[in-house]
Amino acid sequence: MTDCIFCKIINGEFGTKFLYEDDDAVVFNDINPKADKHFLVVPKLHVESLNELEDVELLGRLMNIVRKVTKQENIQSYRTVINTGRDAGQEVFHLHIHVLSGDIKL
């Protein structure tokens, strides 16, 4: 997907600093944070939303990455959010998990 902002970030086109990266995903801070700590867990595989996810094991691996990065960042209490579809607030149509901690302003 050539016009997907997250695909461009994953491919290094913006020099985004990753908090974490492995074969499945990258993790980076949200550019418009809604909490003291707000980062995104984004699979490298372009999947438009949770509705299109066929590899259900990938979701488990992404949630494990949430656990790893919250531990790495010394975050013990947090909220995870997956917006699916425009009416639910999805703005970037590449599956991603929001991880928010601290003073959350949704």
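Of all residues being of a type in the set (Phe, Trp, Tyr) and not in a strand (DSSP E or B) in segment 1-53, which is surrounded by the most Cβ atoms within 10 Å (Cβ to Cβ)? Just the residue, please. Applying the filter and picking the extreme gives Phe6.
Can you pull out the residues in segment 1-24 that are at pLDDT below 95 and under 15 Å from Leu95 (Cα atoms)? Step through it out loud before you land on a result.
Start the filter on segment 1-24 by keeping residues that are at pLDDT below 95, which leaves 1-3.
Listed by number, the residues that qualify are Met1, Asp3.
Being in contact (Cβ under 8 Å) with a residue 40 or more places away in the chain and among the acidic types (Asp, Glu) is the filter here; which residues of segment 47-64 pass it? Glu48, Glu52 - these are the residues of segment 47-64 that are in contact (Cβ under 8 Å) with a residue 40 or more places away in the chain and among the acidic types (Asp, Glu).
When restricted to residues that are closer than 14 Å to Tyr20 by Cα, hydrophobic (A, V, I, L, M, F, W, C) and free of Cβ contacts under 8 Å to residues at least 40 places away in the same chain, segment 65-106 contains 1. Residue selection: Leu53 fails the criterion of being in contact with a Pro (Cβ under 7 Å, 6 or more places away or on another chain), farther than 12 Å from Phe6 by Cβ and hydrophobic (A, V, I, L, M, F, W, C).
Does any residue of segment 26-34 turn out to be modelled with pLDDT of 95 or more and more than 20 Å from Lys105 (Cβ to Cβ)? Walk me through it before giving the result.
Restricting attention to segment 26-34, the residues satisfying the condition of being modelled with pLDDT of 95 or more are 26-34.
Narrowing further to those that are more than 20 Å from Lys105 (Cβ to Cβ): 26-27.
Yes.
Among the residues of segment 26-42, is any in contact (Cβ under 8 Å) with a residue 12 or more places away in the chain, in contact with a strand residue (DSSP E or B) (Cβ under 9 Å, 6 or more places away or on another chain), of a type outside the set (Phe, Trp, Tyr) and more than 28 Å from Gly102 (Cα to Cα)? Scanning segment 26-42, I find no residue that is in contact (Cβ under 8 Å) with a residue 12 or more places away in the chain, in contact with a strand residue (DSSP E or B) (Cβ under 9 Å, 6 or more places away or on another chain), of a type outside the set (Phe, Trp, Tyr) and more than 28 Å from Gly102 (Cα to Cα), so the answer is no.
All conditions but one from (1) surrounded by 17 or more Cβ atoms within 10 Å (Cβ to Cβ); (2) in a helix (DSSP H, G or I); (3) not polar (S, T, N, Q) apply to His98; the one that does not is (2).
Anything in segment 54-80 that is hydrophobic (A, V, I, L, M, F, W, C) and exposed (fewer than 15 other Cβ atoms within 10 Å of the Cβ)? List them, or say none. Break it down into steps so the answer makes sense when it comes.
The first filter runs over segment 54-80 and keeps only residues hydrophobic (A, V, I, L, M, F, W, C), leaving 56, 58-59, 62-63, 65-66, 69, 75.
Matches in segment 54-80: Val56, Met63.
The values are calculated or read from the model by the stated rules, or taken from the named source; none is laboratory data. This structure is a prediction, so every number in the text was calculated from the model and none was measured. For neighbour counting, all protein chains shown are included, and Cβ atoms are generated from backbone atoms with ideal geometry for every residue, glycine included.
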